[in-house]
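> Quick one: this structure, given as structure tokens, is what I'll be asking you about.
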Amino acid sequence: MRFLDLVRLIFDNLGRRKGRVALTAIGVVIGTASVILLVSLAIGLQRSATSQLWGISDLKRIDVFPGWSEVNVGPGPMAVDPVTGMPPGVKLLTPKTVEEIRAIPGVALVSVRQNLSGGALLKYGRMETWPWLQGVDVDDLAMYEFKAQVGTTQLERGTAVVGAWVLKNFYDPRQRPGQEPPPPPTPQDIVGQQVKLEITKWTEDGQPITRTVTLRIAGVLEEARSEQDGAMFVRLDEMLKWEEWVRGKRVNFNKEGYNQLLVRAEDPSQVVEIADQINALGYQASTPQSFVEGINSFFLVLQMVFGGIGAISLLVAAIGIANTMTMAILERTREIGLMKAIGATNRDVLSIFLGEAAGIGLIGGIGGVLLGWGGSFAINFLATTFLAGQSNPYGGLGPGIAAATPVWLPIFALVFSTLVGLISGLYPSLQAATLVPVNALKYE
């Protein structure tokens, strides 16, 4: 029998029993739609969770801190090294550490990030703010993959680059009660302007001593919803001079170590392995990539659980298909005997009934895909409509996507529902194919 003739005969047979086929296919529709909806919900929750993690887009980044694994904590107050200010046994981040990490395969960048131990007050006209001052040993913040909203990411002597939230945090210290606060400066206002950085240290009797440094704002970074938004970046050599003024002595990083190192991998797939090697050296390395992998593993299990719940509906539908095909064979026994009498082989009969069972699965799968996809859009619409008011008015993320249906999911569901129909009709089809023509023709 030719393939086209077989397909035409299958759909003609299905068309003769529209009501029964429709009722059987409804079970497949419900099962397929359940799989698509539940898995889409799990995928949507995963994307919503990962998109709202701060700094999660930078999957090449590794933050390295001094290693505390060898510190012995005993009873009583913890001893502190007078030079480093840390307990004995802490493995410091020294220039030698930078060279060790640079030698690890796959490392693209190792950069120093140093904090100021004194206070730092940024003044622009009458307005003030307390930025998180960071000294870095790179000439261009683009090496961190930071992008400038206005201005440049390049750091020259006497310049600074600030995060987007630094501007939002400006306030007028002389504002009177009941007076409306002045608007914060815009990036266009402040870029290229001179600002004053007031550095403060304290004497032994608690008296503050200040030093004022004039800087030019070279650029304002794009908002990334990460730590960089509240930071003010300056060159490390300039930060070192201010730190020596605060401490009243020279800073020896070989003995005291850096506050933090920022490591960037060449490829996100290498990040976890590089972090493990840094931890093996005795330092503390953390990366968003390991956190993302943990979240993805959790949601992968959630997708499997949700998909399994939806598959139960398909199992019920499979029983319905098997029952429908068994009843069809009983009703069409004489028809099967007649087909065999005029030359149809066992393979032809098997193909016809298997095709009818798979056809029911295909029809139900198409309906389930349409229903599931439409349900995903409906859930997203409801989530956007009713949950939009819960977004953070201070710049946080909105409710996100409630359900996400990737292209592969409807294709998988359609193929799976067709296979369910095919497997469900296997036993009844084998019964039909093995009927003896004489007995089939005598069947009442």
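The values are calculated or read from the model by the stated rules, or taken from the named source; none is laboratory data. No experiment lies behind these values; they were computed from the predicted model shown. Backbone-built Cβ (ideal geometry, glycine too); neighbour counts: all protein chains shown. Quick note on the areas: whole protein, heavy atoms, side chains included, nothing else; ligands and nucleic acids left out. Shrake-Rupley method; radii C 1.70, N 1.55, O 1.52, S 1.80 Å.
> Report every pair of residues separated by at least 6 positions or lying on different chains whose Cβ atoms are under 8 Å apart, first residue within region 348-372 and under 17 Å from Glu335 (Cα atoms) and not assigned by the TED database to the domain that holds Val39, second open to solvent by less than 20 Å² (accessible area, probe 1.4 Å) and assigned to a helix (DSSP H, G or I).
No pair meets every condition.
> Of the numbered conditions (1) in contact (Cβ under 8 Å) with a residue 24 or more places away in the chain; (2) touching an Asp or Glu at 6+ places or on another chain (Cβ under 6 Å); (3) open to solvent by 70 Å² or more (accessible area, probe 1.4 Å), Thr210 satisfies every one except a single condition; which is it?
For Thr210, the exception is condition (1).
> Working carefully through the options Lys255, Lys241, find the one that is without any contact (Cβ under 8 Å) to a residue 60 or more places away in the chain and assigned to a helix (DSSP H, G or I).
Step by step, each of Lys255, Lys241 is checked, and only Lys241 is without any contact (Cβ under 8 Å) to a residue 60 or more places away in the chain and assigned to a helix (DSSP H, G or I).
> Here is a follow-up. Cβ-Cβ under 6 Å, sequence separation 6+ or interchain: first residue in region 322-340 and in the same structural domain as Asp12 (by the TED database) and part of a helix (DSSP H, G or I), partner among the polar types (S, T, N, Q) and open to solvent by less than 30 Å² (accessible area, probe 1.4 Å). Which pairs?
Close Cβ pairs (under 6 Å, with a partner that is among the polar types (S, T, N, Q) and open to solvent by less than 30 Å² (accessible area, probe 1.4 Å)) amount to Ala322/Ser424; Thr324/Thr24.
> Which is open to solvent by less than 70 Å² (accessible area, probe 1.4 Å), without any contact (Cβ under 8 Å) to a residue 24 or more places away in the chain and out of contact with any Lys or Arg (no Cβ under 6 Å at 6 or more places or on another chain), of Gly230, Gly308?
Gly308 is the lone residue from the list that is open to solvent by less than 70 Å² (accessible area, probe 1.4 Å), without any contact (Cβ under 8 Å) to a residue 24 or more places away in the chain and out of contact with any Lys or Arg (no Cβ under 6 Å at 6 or more places or on another chain).
> With the structure loaded, tell me whether Arg157 is out of contact with any Asp or Glu (no Cβ under 9 Å at 6 or more places or on another chain), among the charged types (D, E, K, R), open to solvent by 40 Å² or more (accessible area, probe 1.4 Å) and not in a strand (DSSP E or B) or whether it fails that test.
No, not satisfied.
> Would a scan of region 193-204 turn up a residue that is open to solvent by less than 20 Å² (accessible area, probe 1.4 Å) and not in a strand (DSSP E or B)?
no
> Now for a separate question. Could you check, for region 278-285, whether at least one of its residues is in a helix (DSSP H, G or I), open to solvent by 30 Å² or more (accessible area, probe 1.4 Å), in contact with a helix residue (DSSP H, G or I) (Cβ under 7 Å, 6 or more places away or on another chain) and among the aliphatic types (A, V, I, L, M)?
No, because not a single residue in region 278-285 is in a helix (DSSP H, G or I), open to solvent by 30 Å² or more (accessible area, probe 1.4 Å), in contact with a helix residue (DSSP H, G or I) (Cβ under 7 Å, 6 or more places away or on another chain) and among the aliphatic types (A, V, I, L, M).
> Could you list all residues from region 258-272 that are assigned to a helix (DSSP H, G or I) and loosely packed, with under 14 Cβ neighbours inside 10 Å?
Ser269, the sole residue that qualifies.
> Restricted to region 213-227, and to residues that are assigned to a strand (DSSP E or B) and of a type in the set (A, V, I, L, M, F, W, C), which residue is surrounded by the fewest Cβ atoms within 10 Å (Cβ to Cβ)?
Val213
> Please state which one of Leu300, Leu350 is part of a helix (DSSP H, G or I), more than 30 Å from Val407 (Cβ to Cβ) and of a type outside the set (Gly, Ala, Ser).
Of Leu300, Leu350, the one residue that is part of a helix (DSSP H, G or I), more than 30 Å from Val407 (Cβ to Cβ) and of a type outside the set (Gly, Ala, Ser) is Leu350.
> Does Val161 qualify as being within 18 Å of Ala224 (Cβ to Cβ), in contact with a helix residue (DSSP H, G or I) (Cβ under 8 Å, 6 or more places away or on another chain) and not small (Gly, Ala, Ser)? First the steps, then the outcome.
Details: within 18 Å of Ala224 (Cβ to Cβ): yes; in contact with a helix residue (DSSP H, G or I) (Cβ under 8 Å, 6 or more places away or on another chain): yes; not small (Gly, Ala, Ser): yes.
When the stated conditions are applied, Val161 passes them.
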